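J.: Sharing a structure, written as structure tokens. Questions coming.
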2 protein chains.
Amino acid sequence: MHLSHENFRELAWKCGLAATHQRQVIYEAIVAAPGHYSAEQIYADVRKRIPSISLATVYNNLKLFVEHGLLREVSPHTSMLLVEGNLEPHHHLVCTRCKAVQDVEGDFINYKKLSRQAPRGFDLTQPLVEVFGICRRCRAKT
Amino acid sequence: MHLSHENFRELAWKCGLAATHQRQVIYEAIVAAPGHYSAEQIYADVRKRIPSISLATVYNNLKLFVEHGLLREVSPHTSMLLVEGNLEPHHHLVCTRCKAVQDVEGDFINYKKLSRQAPRGFDLTQPLVEVFGICRRCRAKT
DNA sequence: AACTTGTTTGATAATGATTCCTATCTACCT
DNA sequence: AGGTAGATAGGAATCATTATCAAACAAGTT
């Protein structure tokens, strides 16, 4: 996929973001092929076209793109290690804004379908499922 | 809950871990009350009983406890930011060992049940679900 | 095309979570 | 008591990310 200059300008304009060259190149590096990319990977890729770009610019724009819904964040958690002692099967509800985690019962999952859809060999014997959304408090703030 | 000295020794012994005083206190700090705890929180709590304990000891033992199944890790991802450009509704399968992420179709979730079980006001309009397990390659290594 | 204003950028310093290193310590075996 | 392997404390090192700030730029206005 290759976005025309005009397409990107329009997308950026909708979000109230200036359509800079850096932003266009960063965005294209991600949507060019489906996949999950780290800031470093994107940085390495974008440098081929803009050798002088700063890593901070990549981070800033990834954050902006995610906030404006142009990109989705994979695993939007707190970056800290968290542990729990409750080993009873249960799942988590995670707020993508404040990163709060709360427990939730697990019978909203159809395990039969899930294991049919998972790739062969993927071990789901004791799956942990995390569902992301926005908690009531953060919802109210907007 | 308060684990007797003997109970912890037995638990540790089953895992082939020495039942040190530090380990017992760390373990008890977590299982004393249900919840999701960070290393720093646990460190602060354990210091009340063992002021000389090192933060590294807390990290080391959390890791060991998780590996041996005495504790569960919340959100067991790579600690890096990852983004994706694919905004079509879909979910993720994450390997808790190698942290690899792959896409999976989402119709194994009963959204009606899920939103009934979620606390009032939790916004699930565009939920992202991540299912944790062990991928084929990591499974084979053991 | 030049002017203006708020935004964006690049370079680098700072931060925060986690891991590494190593000398010391402990519990257990002889 | 001496030997040994694993565990710990303390601090340095690392890695990803964020903050800072002066210079460069985008986009609308004249």
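Bear in mind that the values in this text are calculations on the coordinates, not laboratory data. Keep in mind that what you see is a predicted model, and the values were worked out from it rather than measured. When we count neighbours, we look across all protein chains shown, and the Cβ atoms used for this are built from the backbone with ideal geometry, even at glycine.
J.: Within segment B:50-59, can one find any residue that is touching a Leu at 6+ places or on another chain (Cβ under 6 Å), surrounded by 18 or more Cβ atoms within 10 Å (Cβ to Cβ) and among the aliphatic types (A, V, I, L, M)? Spell out how you get there, then give the answer.
T.: Taking segment B:50-59 as the starting set, the residues that turn out to be touching a Leu at 6+ places or on another chain (Cβ under 6 Å) are none.
Checking segment B:50-59: not a single residue is touching a Leu at 6+ places or on another chain (Cβ under 6 Å), surrounded by 18 or more Cβ atoms within 10 Å (Cβ to Cβ) and among the aliphatic types (A, V, I, L, M).
J.: For segment A:71-95, give me the residue count where each residue is more than 8 Å from chain B (Cβ to nearest Cβ) and part of a loop (DSSP other than H, G, I, E, B).
T.: Number of matching residues: 3.
J.: In this structure, does residue B:55 turn out to be under 26 Å from residue B:133 (Cβ atoms) and not basic (Lys, Arg)?
T.: Working: under 26 Å from residue B:133 (Cβ atoms): no; not basic (Lys, Arg): yes.
Spelling it out, it is not the case that residue B:55 is under 26 Å from residue B:133 (Cβ atoms) and not basic (Lys, Arg).
J.: Further, regarding this structure: Among the residues of segment A:29-40, is any in contact with a helix residue (DSSP H, G or I) (Cβ under 8 Å, 6 or more places away or on another chain), over 30 Å from residue B:135 (Cα atoms) and within 16 Å of DNA strand D (Cβ to nearest atom)?
T.: no
J.: Identify the single condition in (1) surrounded by 14 or more Cβ atoms within 10 Å (Cβ to Cβ); (2) more than 15 Å from DNA strand D (Cβ to nearest atom) that residue A:87 does not satisfy, given that it satisfies every other one.
T.: All conditions pass for residue A:87, except number (1).
J.: Further, regarding this structure: Considering each residue of segment B:32-63, count those that are over 12 Å from the mean Cα position of the chain (by Cα), outside any loop (DSSP other than H, G, I, E, B) and farther than 30 Å from residue A:64 by Cα, and give that number. Steps first, please.
T.: Of segment B:32-63, the ones over 12 Å from the mean Cα position of the chain (by Cα) are B:32-34, B:40-61.
Checking the rest, the ones that are also outside any loop (DSSP other than H, G, I, E, B) come to B:40-47, B:55-61.
Okay, now just the ones that are also farther than 30 Å from residue A:64 by Cα, so B:41-47, B:55-61.
Going through segment B:32-63 one residue at a time, the tally reaches 14.
J.: Which ones in segment A:117-141 are under 16 Å from residue B:92 (Cα atoms), of a type in the set (D, E, K, R) and outside any strand (DSSP E or B)?
T.: Within segment A:117-141, just A:120 meets the criteria.
J.: Keeping to segment B:60-79, report how many residues are loosely packed, with under 15 Cβ neighbours inside 10 Å and either within 11 Å of DNA strand C (Cβ to nearest atom) or under 28 Å from residue B:110 (Cα atoms) (or both). Spell out the reasoning first.
T.: We begin by selecting, within segment B:60-79, every residue loosely packed, with under 15 Cβ neighbours inside 10 Å; these are B:60, B:67-69, B:79.
Next, from what is left, pick out any that are either within 11 Å of DNA strand C (Cβ to nearest atom) or under 28 Å from residue B:110 (Cα atoms) (or both): B:60, B:79.
Going through segment B:60-79 one residue at a time, the tally reaches 2.
J.: Does segment B:18-32 hold any residues that are more than 14 Å from residue B:44 (Cα to Cα) and buried (at least 16 other Cβ atoms within 10 Å of the Cβ), and which are they?
T.: Our first condition is that a residue be more than 14 Å from residue B:44 (Cα to Cα); within segment B:18-32, this holds for B:18-21, B:23-24, B:31-32.
Correct list: B:19, B:23, B:24, B:31.
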